[in-house]
2 protein chains.
Amino acid sequence: MSDDLFKALADPTRRTILDELAEKSGQTLFEVCSRLAMKHRLGISRQGVSQHLAVLEAAGLVETRREGRYKFHDLNTAPLRRITERWPLPHPDSHPHSRPSGPEDSTS
Amino acid sequence: MSDDLFKALADPTRRTILDELAEKSGQTLFEVCSRLAMKHRLGISRQGVSQHLAVLEAAGLVETRREGRYKFHDLNTAPLRRITERWPLPHPDSHPHSRPSGPEDSTS
DNA sequence: TTGATAGGCAAGCAAGTACTTGCCTATCCT
DNA sequence: AGGATAGGCAAGTACTTGCTTGCCTATCAA
């Protein structure tokens, strides 16, 4: 089930973490922590960030590799493909908002 | 903010509703209700579905048009584009899961 | 070994949210 | 008009979840 994927994306802090990992791959927990604090003024505890990273990892959006006492986190955007596969995007053809055809007027 | 978008996608029932609207556009509230009950065995009240549709509309994923006492709901997948714009997908180039490069071994 | 760093586990709290129930309005058909 | 259909509003409840605090393990440097 892709339940984990959407649940992971549901939280704004987690999305910010994804942004940070997109900008600099292979960050440790503490690195993510300090970036959230500095750049985004997010006063969140280390444990909070750790839980967020766990959710992101469960969704497959973050992959981890251990190295000594460090644990590096890498972004993996591949699972996002399932979203636009499930609900295909309209072609950016002509005008942006083309009204979908429907039962326009049947009786009058 | 795209907060509404991800919040809307976070719920499995709402995603099923999107599936149904993708299959048949321009459904009324009652139509969606009965489809959820029949096809998906979801015992959810009419008001529940109505609230879900409201959330989807707030996210821009569903557009509505009134016609007499009917209100038709249409799927609009355009907002989904922001997702893959924010975190670009890897090219389906060679092998599917290419490990991202990192500090492989620095000390040993 | 001792201390410092990087991270993990688990219980607890507070806020958000999915869902229901009850009642109300608007449009159509006879 | 009256009833039936399609939908909306609002309060209440039970569950989820984001976040904290406290303590524990593992790795590295002195």
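The values are calculated or read from the model by the stated rules, or taken from the named source; none is laboratory data. Note that the structure is predicted; figures quoted are calculated from it, not measured. Ideal geometry is used to build each Cβ from the backbone, glycine not excepted, and the neighbour counts take in all protein chains shown. Areas reflect the complete protein model, heavy atoms only, side chains present, ligands, DNA and RNA absent. Shrake-Rupley method; radii C 1.70, N 1.55, O 1.52, S 1.80 Å.
When the residues of the range B:19-40 are filtered to those that are among the aliphatic types (A, V, I, L, M) and in contact with a strand residue (DSSP E or B) (Cβ under 6 Å, 6 or more places away or on another chain), the one that is surrounded by the most Cβ atoms within 10 Å (Cβ to Cβ) is B:L21.
So, in the range A:37-72, how many residues would count as being more than 11 Å from DNA strand D (Cβ to nearest atom), among the charged types (D, E, K, R) and more than 12 Å from chain B (Cβ to nearest Cβ)? Residues meeting the conditions: 3. So which of B:S94, B:S101, B:S108 ends up being modelled with pLDDT under 95, within 16 Å of DNA strand D (Cβ to nearest atom) and open to solvent by 70 Å² or more (accessible area, probe 1.4 Å)? Exactly one of B:S94, B:S101, B:S108 is modelled with pLDDT under 95, within 16 Å of DNA strand D (Cβ to nearest atom) and open to solvent by 70 Å² or more (accessible area, probe 1.4 Å), namely B:S108.
From the list B:G43, B:G60, the one residue that fits, being crowded, with 16+ Cβ neighbours inside 10 Å, part of a loop (DSSP other than H, G, I, E, B) and touching a helix residue (DSSP H, G or I) at 6+ places or on another chain (Cβ under 8 Å), is B:G60. A residue that is open to solvent by less than 40 Å² (accessible area, probe 1.4 Å), in a loop (DSSP other than H, G, I, E, B), more than 16 Å from DNA strand D (Cβ to nearest atom) and of a type outside the set (D, E, K, R) occurs nowhere in the range B:78-85. Considering the range B:30-53, and only residues there that are closer than 30 Å to A:T77 by Cβ and more than 10 Å from DNA strand C (Cβ to nearest atom), the residue that is farthest from the chain's Cα centre (by Cα) turns out to be B:H40.
Just one of (1) in contact with a strand residue (DSSP E or B) (Cβ under 8 Å, 6 or more places away or on another chain); (2) more than 10 Å from DNA strand D (Cβ to nearest atom) fails for B:L9. It is (1).
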